[in-house]
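Data first, discussion second: the structure below is written as structure tokens.
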Amino acid sequence: MTTRRAFLAAGTSALALLAAPARAAMPRFLSSEPFGPDTVRDMARALSVKDFMLRPSVPEPWMNLTYDEYRKIWFDTQKAVWAEEDLPFEMDLFHPGLYFPRAVEVDVVSAGQANRLAFDFDLFTGTEDAPQLPVDETMGYSGLRLRHQFPGEMKHREFAVFQGASYFRAIGAAHAYGLSARGLALRTGDPEGEEFPDFIRFWVEEPVPGDDRMVVHALLDSPSVTGAYRFEVTPGEACEMRVEASLFPRVDLDHVGIAPLTSMFLYDQTNRHRFKDFRPAIHDNDGLLIWNGAGEMLWRPLANPVSLQVSSFVDDSPRGFGLMQRARRLSDFADLEAHYHERPGLWIEPEGDWGPGVVRLVEIPSDKEIYDNIVAYWRPREPLRPGREHRFAYRMTWGDEDGGAAPPRRDDVSRVLDTHMGLNFNKDAWLAAIDFAEHPALDVPERFGALEGLTIRINSARAETSEGIIQRNPETGGARLAFTFDPGDYDAVELRAQIFRDGAAVSEVWLYRWTRS
């Protein structure tokens, strides 16, 4: 599990956003060199035929910072890159230490030149009791933050952060930070352990007046693979990214995760009984959504299992997948500080034919909301071989499923809104109640009955299930499907349910893994 709350705290300092409007010069350049469209790919290719070398650590006092000490130092946004320019974008820099023991290089690209930024401690400010720390030639930044002047606003507000291994995260204009993404995942959930590649260098293209997006390039390195990444990042109601990745394996990559997503799910009403907390739910995202190559929309509610569980959804040329947050009311969480109802979902839309593989979901047991315990990614069926370039392109939408910036999806089927799970009235079987969103194709009358044309399909390889009934939920305006199932002596059973009208699907496919706890 990844300890991620420190990442969020370090990246979203309220003090930084309240800085005075004074301006200062851009950080000084250490060096300059030509930069073109193929520069990073050529570097990744050349690096892949060399032995992997771990980058040096920053001075030990930086690595020994406590969490509280780390937070006493923050970037002074008065000194942001492009702060003196009349541009809709600015860039902040993060200092290393604590969770970030190795520095990354950051370059500003302008007029075909990559200008490497020097580490400058004067770019940072802090509290009066902030620790005194040494600076030497190993020093550098740990990442970067992009800020945008949204229409109608006076100040630049952050929308994307790149920091730590190959992690990055973004938000739409009305969202709060939640889940993260990574450049690449290797051997997630394998018994021999996971490998975490690093973005070791960034190149950020200098914007010009009128630009509505930022372009960031990144060089990835690890013992098993190198890579070149290009991110085209567009802030707005949803933050949209177009990603181009070129991978150069050093070894056979037989378990690689493309477009990996990392999130947190502690509990909701399905496992509420395990947690003694006043809040009805705690999660950044509540389900995995897949639009598979066969055209089905699959919804798999997330779980916090009592033991590690891995699910693989076999597919060929997926149309999209992502971790969504469908609980959107404050009352769903009753949390006035964390604002879980404002956390974004993240939708991945492949470009080109990704071929056969699986969407893989890894759910890790967790007892605290400070840990990321959910991982989802695309795993190609065939290994990625060394000695050649493997290219992947995809679009990312950081937002929610409503409004004008919703990610692409089938609009002819009703979405799953919620899943309720518990024993039936007689306590001799389990009952599942699935709420679907109001939808013209799944119109259910006020009174039960007169459901001509609707067919329910419920399947389970292990559990005995009832036929199920459909009723209208007066609160949501949509349909509720309820059925019972008996898992017998099994500790885990898979369930599948969907509603059809005259043979055509009118709901998403609901998938669920029930586990004994």
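The values are calculated or read from the model by the stated rules, or taken from the named source; none is laboratory data. Since the structure is predicted, the reported quantities are computational estimates derived from the model, not experimental observations. Every residue, glycine among them, receives a Cβ derived from its backbone with ideal geometry; neighbour counts consider all protein chains shown. Surface areas here come from the heavy atoms of the whole protein model, side chains and all, with no ligands, DNA or RNA. Shrake-Rupley method; radii C 1.70, N 1.55, O 1.52, S 1.80 Å.
Identify the residue in segment 483-497 that is in a strand (DSSP E or B) and open to solvent by less than 20 Å² (accessible area, probe 1.4 Å) and, among all such residues, is farthest from Leu361 (Cα to Cα). Show your work before the answer.
Taking segment 483-497 and keeping what is in a strand (DSSP E or B), we get 483-486, 492-497.
Restricting the remaining residues to those that are open to solvent by less than 20 Å² (accessible area, probe 1.4 Å) gives 483, 485, 493, 495, 497.
Values: Phe483: 25, Phe485: 24, Val493: 16, Leu495: 16, Ala497: 19 Å.
Selected residue: Phe483.
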Task: segment 333-356 residues that are without any contact (Cβ under 8 Å) to a residue 40 or more places away in the chain, paired with ones that are surrounded by 14 or more Cβ atoms within 10 Å (Cβ to Cβ) and among the basic types (Lys, Arg) (beta carbon under 8 Å, 6 or more apart) - done: His341/Arg328
TODO: Could you tell me which residue of segment 174-206 is nearest to Leu346 (Cα to Cα), considering only residues that are open to solvent by 10 Å² or more (accessible area, probe 1.4 Å) and touching a Pro at 6+ places or on another chain (Cβ under 7 Å)?
DONE: His175
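Quick one: in segment 467-482, which of the residues that are surrounded by fewer than 16 Cβ atoms within 10 Å (Cβ to Cβ) and in a loop (DSSP other than H, G, I, E, B) is nearest to the chain's Cα centre (by Cα)?
Let us first name the residues in segment 467-482 that are surrounded by fewer than 16 Cβ atoms within 10 Å (Cβ to Cβ), namely 467, 469, 474-477.
With the extra rule that they be in a loop (DSSP other than H, G, I, E, B), the set shrinks to 467, 474-477.
Values: Glu467: 37, Pro474: 33, Glu475: 31, Thr476: 28, Gly477: 30 Å.
Ranking the candidates gives Thr476 first.
Here's the yes/no breakdown for (1) over 30 Å from Thr262 (Cβ atoms); (2) surrounded by fewer than 13 Cβ atoms within 10 Å (Cβ to Cβ); (3) modelled with pLDDT of 95 or more; (4) β-branched (Val, Ile, Thr):
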residue	(1), (2), (3), (4)
Leu47	no, no, yes, no
Met53	no, yes, yes, no
Leu93	no, no, yes, no
Gly112	yes, yes, yes, no
Open item on the list: Can you tell me how many residues within segment 416-448 are under 13 Å from Gly478 (Cα atoms), open to solvent by 60 Å² or more (accessible area, probe 1.4 Å) and charged (D, E, K, R)?
Closed with: 4
TODO: Count, please, the residues in segment 501-517 that happen to be surrounded by 15 or more Cβ atoms within 10 Å (Cβ to Cβ) and of a type outside the set (A, V, I, L, M).
DONE: 8
Open item on the list: Give me the residue from segment 136-157 that is hydrophobic (A, V, I, L, M, F, W, C), under 14 Å from Pro88 (Cα atoms) and out of contact with any Lys or Arg (no Cβ under 9 Å at 6 or more places or on another chain) and, out of that set, least open to solvent (accessible area, probe 1.4 Å).
Closed with: Leu146
Open item on the list: When the residues of segment 299-353 are narrowed to those that are within 16 Å of Leu179 (Cβ to Cβ), among the charged types (D, E, K, R) and not in a loop (DSSP other than H, G, I, E, B), which ends up least open to solvent (accessible area, probe 1.4 Å)?
Closed with: Arg300
TODO: Please work out which one of (1) modelled with pLDDT of 95 or more; (2) within 22 Å of Val106 (Cα to Cα) is the condition Asp254 fails and give its number.
DONE: (2)
TODO: Please name all residue pairs, on different chains or six or more residues apart, with Cβ atoms under 9 Å, provided the first residue is in segment 293-310 and is of a type in the set (Val, Ile, Thr) and the second residue is in a loop (DSSP other than H, G, I, E, B).
DONE: Val306/Pro365; Val306/Arg516; Val306/Ser517; Val310/Thr188; Val310/Gly189
